[in-house]
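Worksheet: the structure to be examined is printed underneath.
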Amino acid sequence: MDARLIARYVVREAMGLVGMGVALFWSAGRIDWWPAWAALAVMAGWIVATAAVVLSRNPDLLVERLGPRKGSKRWDIVIMSILGSTQLARYVVAGLDERFGWTGGLPAGAQIVAGVLCVLGYALVVWATASNSFFSQIARIQPERGQTVITGGPYGYVRHPAYLGAILYELAVPVLLASWWAFIPSGIGVALLILRTVLEDRMLRAELKGYTEYAQRVRDRLLPGIW
């Protein structure tokens, strides 16, 4: 594995983590805020776990995630750009809520449970990453890598398990941060993830050989027995 690629990956992920921390603590006006540190710990754990999985099991994914985005869909670029903005906004809103007391706090027990759900959500994303050697961060078909349909791991239960994990995090992190107002940007994020699920599923049916047959066996996109 090219050391320069690994360095680029580390720098990119570290910058994202620092940006999240700045959004939380700058808007809150304090750094002694344990829910924010908990959210950062969950994010850092996800980054480390993802790196370990990619480097040990699917090293080609590092090139895929850092390389040119050939074949990416315009609708996906738009969705991901807006999603990134809503996620940043969520942390700023939660920090302002902490500073000005709009929500007035939540029981610590509820925050701890929400933190556990955040961990479970990202654990599902890591499981999907470990199970899918074509787990790109953009919606595209990868013919140059011989992409095939993945049916193992969580893909045996739902067709888009990573989006389910991400949605679980989106819904839980406002509670961890004790901010009802943060549900507004998080809710927009959930809607965008659902839209991305629909559009990506449609793309895979149209462009990936064998996906239609897989979809007939695994009928649910996100929630087993529901949708």
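The values are calculated or read from the model by the stated rules, or taken from the named source; none is laboratory data. As the structure is a computational prediction, the values presented were derived from the model and not from experiment. All Cβ positions, glycine included, derive from the backbone under ideal geometry; neighbour counts span all protein chains shown.
Taking the stretch 25-58 as the region of interest, how many residues are out of contact with any Gly (no Cβ under 6 Å at 6 or more places or on another chain), more than 16 Å from Ala172 (Cβ to Cβ) and in contact (Cβ under 8 Å) with a residue 40 or more places away in the chain?
Number of matching residues: 13.
Considering only the stretch 181-214, how many residues are touching a residue at least 12 places away in the same chain (Cβ under 8 Å), touching a Leu at 6+ places or on another chain (Cβ under 9 Å) and loosely packed, with under 15 Cβ neighbours inside 10 Å?
Count: 0.
Here is a list: Leu83, Leu55, Leu62, Leu40. Which entry is modelled with pLDDT under 90 and surrounded by 15 or more Cβ atoms within 10 Å (Cβ to Cβ)?
Going through Leu83, Leu55, Leu62, Leu40 in turn, the sole match is Leu62.
From the set of residues in the stretch 2-60 that are part of a loop (DSSP other than H, G, I, E, B) and not polar (S, T, N, Q), which is nearest to the chain's Cα centre (by Cα)?
Pro59
Being farther than 18 Å from Val92 by Cβ and either outside any helix (DSSP H, G or I) or of a type in the set (Ser, Thr, Tyr) (or both) is the filter here, so list the residues in the stretch 151-197 that pass it.
Thr151, Gly152, Tyr155, Tyr157, Val158, Arg159, His160, Tyr163, Thr197
Can you find even one residue in the stretch 126-147 that is of a type in the set (A, V, I, L, M), in a helix (DSSP H, G or I) and touching a Ser or Thr at 6+ places or on another chain (Cβ under 8 Å)? Before the answer, list the steps.
Let us first name the residues in the stretch 126-147 that are of a type in the set (A, V, I, L, M), namely 126, 128, 130, 138-139, 141.
Pick out the ones that are also in a helix (DSSP H, G or I) and you get 126, 128, 130.
So of that shortlist, the ones also touching a Ser or Thr at 6+ places or on another chain (Cβ under 8 Å) come out as 126.
Yes: one or more hits.
Could you grab the pairs with beta carbons closer than 8 Å, sequence gap of 6+ or different chains, first residue in the stretch 106-117 and more than 14 Å from Trp33 (Cα to Cα), second one buried (at least 17 other Cβ atoms within 10 Å of the Cβ) and among the hydroxyl-bearing types (Ser, Thr, Tyr)?
That search, which allows pairs on different chains as well, returns Leu117/Tyr169.
Residue by residue, here is whether (1) closer than 12 Å to Trp180 by Cα; (2) touching a residue at least 40 places away in the same chain (Cβ under 8 Å); (3) charged (D, E, K, R); (4) not in a helix (DSSP H, G or I) holds:
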position	(1), (2), (3), (4)
Ser72	no, yes, no, yes
Trp75	no, yes, no, no
Ile79	no, yes, no, no
Ile82	no, yes, no, no
Ala89	no, yes, no, no
Val92	no, yes, no, no
Gly95	yes, yes, no, no
Arg99	no, yes, yes, no
Gly104	yes, no, no, yes
